[in-house]
1. Could you say which residue among B:I215, B:I223, B:I227, B:I178 is free of Cβ contacts under 8 Å to residues at least 60 places away in the same chain and in a helix (DSSP H, G or I)?
2. Working carefully through the options A:G166, A:G141, find the one that is away from ligand 2 (no atom under 16 Å from the Cβ) and either farther than 21 Å from B:L203 by Cα or open to solvent by 30 Å² or more (accessible area, probe 1.4 Å) (or both).
3. Among the residues of the stretch A:35-44, are any more than 23 Å from A:G197 (Cβ to Cβ), of a type in the set (K, R) and within 12 Å of ligand 2 (Cβ to nearest atom)?
4. Mind checking whether some residue in the stretch A:83-92 is under 15 Å from the mean Cα position of the chain (by Cα), without any contact (Cβ under 8 Å) to a residue 24 or more places away in the chain and within 14 Å of chain B (Cβ to nearest Cβ)?
5. When you look at B:I46, is it within 23 Å of B:G284 (Cα to Cα) and in contact with a Lys or Arg (Cβ under 7 Å, 6 or more places away or on another chain), yes or no?
6. Looking at A:I231, A:I222 in this structure, which one is out of contact with any Pro (no Cβ under 9 Å at 6 or more places or on another chain), within 16 Å of ligand 1 (Cβ to nearest atom) and among the aliphatic types (A, V, I, L, M)?
7. Within the stretch A:95-119, track down each residue that is open to solvent by 20 Å² or more (accessible area, probe 1.4 Å) and more than 8 Å from chain B (Cβ to nearest Cβ).
8. Which one of these does B:V84 not meet: (1) open to solvent by 20 Å² or more (accessible area, probe 1.4 Å); (2) touching a residue at least 12 places away in the same chain (Cβ under 8 Å)?
Amino acid sequence: MAPILTVTNLTKKFSGLVAVNDVSFSLNQGEILAVIGPNGAGKSTLFKLISSFLRPTTGKVTFEGETISGRAPHAVARKGVVRTFQEATIFKALSVRDNVLVAHHLRSRAGLAGFFLGTTRARADEAEFARSTDDILGFLGLKDLADAEAGSLPQGHLRALGIAIGLATNPKVLLLDEPFAGMNHDETMRAVQLVKGVRDRGVTVMLVEHDMPAVMKISDRIVVLNFGQKIAEGTPSEIQRNQAVIDAYLGSEDESIGI
Amino acid sequence: MMSDRLQIIGYAVFAVVMLTVVPFFTVLAGRNDYLYTFTLIALLSIASAGVWITFAIGRINIGQSAYALVGGYVSAILVATYGVSFWLSIPLAGLFAACIAVVIGLPILRLRGVYFSMVTLVSTEVARLSALALPITKGAKGMVNLPMPGPIAIGGITLVPDFATLENPRIAFYYVAIILMLITFLLVWRLMRSRIGQLFVALQQNEDLAQSAGIDIARLRVIAYAISSFLGGVAGAVFSAVSQSVYPSSFTTQDSINFMLNCFLGGLGYVFGPIVGTFVLRFGWDLLFQAQRFQLLIYAAILIGLMLVLPNGLLSLIPSRKGAKR
Ligand SMILES: Nc1ncnc2c1ncn2[C@@H]1O[C@H](COP(=O)(O)OP(=O)(O)O)[C@@H](O)[C@H]1O
Ligand SMILES: [Mg+2]
């Protein structure tokens, strides 16, 4: 498998604190890669660097052979690298359907003026977005909630909506930051199936997650961070046996060891 | 919230009343002063519509007077100094204001919350001082005795007569202002019901998420601010013709604050909110004139009370089907 996204010697310093320290790895086309590590290890920062919400101090991120670090986040999303947020992040006051509809924007062929005037092309876009929205909502089990105000959804559905918004952009790489947080066991197992379904749609997935059983179940490969550094990389079974990983988890206050 | 249908029907009724009943009775009663008040209200609500649009992207704009002032001067200078038709000067004033908004908006729209508001608050003062200082705006004396709007004729047919030849130009100005207001709010309605409106609301809700969904938030913010300022410029342009003058103090910081209050009062969730807010605020102020030195005090108390009791504005008083979209 060819790498679709490559992280090279990525470092991010926050006034003295090194949140991500010289991290390198690559993401292969069509895989699910999990990034794990104790709280504060730098996982979210890594995602923000990849999606270009943060500028790296040094190092770079390349996507399909092109450097994307340093570009505007919306431009990186346009290329096909899209992140969801650690906190269930949605457009609260919009309906569930409108949340997904609006996130289709980067697929539009009509310009803004076209949408204002209601040109043929704009109407074709709208019809296509509506169809795709129904498809995504159905896929994520949100169809019955389409008209509900997004802010009123329970946690599990909020996460699903976050993923739906990500999918609406038609991403090539989807970065999910703790997609299973706040879910009970059953919800998590369903969400695991959903994420696998996302991958089966041809989207390469990278996720940060604390729920170890879920991580072991879902990922093809795992990258482990500790204090900003990559301490291990490998398949789930390799990681489970890795002494450095076990030490990192045992040495931390993190309750979700579960390895 | 009210259904779309109810809002449009209400708007249509309002339009008919403003175009027929109101001018009929005011002229019958010989109350040119009311006609003038309604003309002002129409212009102020156009400027308020602009402020409402910046609210839609989640920015509190307390600087609309700056753009109204710019529009007033651009129109006055074009008409009085360069002999351009007043009618042409309206869109040109709007465009000029929009261009300034793009230049100023690019840096300041990065600011959120109170920081953005503070900068806009200062901008009215900057516009006033510029008008005082620049030679072309004629300083504190202002630009006075501006010519009346000329005729509009297409192929020899006069569509609009020369205002200077009219017996009662007040009623002509009334119609200009009311029609402009009606068109403005229909266009804003259309804008907000289109994808652009949806994108504006997405910005208001969460800029980071919008950005991660590939939306160019910087560009959209500037577009919203430019439209907002365009409307301020248009309102200012017509105002200068109505009063046949424009001074550095024609639009003040107090007006900027009022534009914002009009939006709050009518309801930020309703496209037509600024019209309602402007009518109520203006007439409320005039009615309280009897209270003399207590005018401001009572007025402020009522405003505070209204905002506490009706945080979603006066239009939220009208009942609606549950779950209807705004
Ligand atoms: N914007 C920021 N400014 C300063 N420090 C930050 C910032 N974001 C994260 N950090 C710090 O960087 C470290 C890594 O944070 P983060 O990437 O959120 O960890 P994780 O997601 O693995 O829990 C933490 O010590 C955190 O406090
Ligand atoms: Mg995190």
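1. Details: B:I215 fails: in a helix (DSSP H, G or I); B:I227 fails: free of Cβ contacts under 8 Å to residues at least 60 places away in the same chain; B:I178 fails: free of Cβ contacts under 8 Å to residues at least 60 places away in the same chain.
Result: B:I223 is the single residue among B:I215, B:I223, B:I227, B:I178 that is free of Cβ contacts under 8 Å to residues at least 60 places away in the same chain and in a helix (DSSP H, G or I).
2. On the way: A:G166 fails: either farther than 21 Å from B:L203 by Cα or open to solvent by 30 Å² or more (accessible area, probe 1.4 Å) (or both).
From the options A:G166, A:G141, the qualifying one is A:G141.
3. Of all residues in the stretch A:35-44, those more than 23 Å from A:G197 (Cβ to Cβ) come to A:37-44.
This time we only want the ones that are of a type in the set (K, R), so: A:43.
Checking the rest, the ones that are also within 12 Å of ligand 2 (Cβ to nearest atom) come to A:43.
Within the stretch A:35-44, one or more residues are more than 23 Å from A:G197 (Cβ to Cβ), of a type in the set (K, R) and within 12 Å of ligand 2 (Cβ to nearest atom).
4. Step one: list which residues in the stretch A:83-92 are under 15 Å from the mean Cα position of the chain (by Cα), which gives A:83-90.
So of that shortlist, the ones also without any contact (Cβ under 8 Å) to a residue 24 or more places away in the chain come out as A:87.
After this cut, where a residue has to be within 14 Å of chain B (Cβ to nearest Cβ) as well, the list is A:87.
Checked the stretch A:83-92: at least one residue is under 15 Å from the mean Cα position of the chain (by Cα), without any contact (Cβ under 8 Å) to a residue 24 or more places away in the chain and within 14 Å of chain B (Cβ to nearest Cβ).
5. Values: within 23 Å of B:G284 (Cα to Cα): yes; in contact with a Lys or Arg (Cβ under 7 Å, 6 or more places away or on another chain): no.
Spelling it out, it is not the case that B:I46 is within 23 Å of B:G284 (Cα to Cα) and in contact with a Lys or Arg (Cβ under 7 Å, 6 or more places away or on another chain).
6. Working: A:I222 fails: out of contact with any Pro (no Cβ under 9 Å at 6 or more places or on another chain).
Residue meeting the stated conditions: A:I231.
7. Within the stretch A:95-119, A:R97, A:R107, A:R109, A:G111, A:A113, A:L117, A:T119 meet the criteria.
8. With respect to (1) open to solvent by 20 Å² or more (accessible area, probe 1.4 Å); (2) touching a residue at least 12 places away in the same chain (Cβ under 8 Å), B:V84 is out only on (2).
The values are calculated or read from the model by the stated rules, or taken from the named source; none is laboratory data. This one's a predicted model, so the numbers in the text were calculated from it and none came from an experiment. No Cβ is skipped: glycine too gets one built from the backbone with ideal geometry, and neighbour counts run over all protein chains shown. Accessible surface areas use protein heavy atoms only, side chains included; no ligands, DNA or RNA. Shrake-Rupley method; radii C 1.70, N 1.55, O 1.52, S 1.80 Å.
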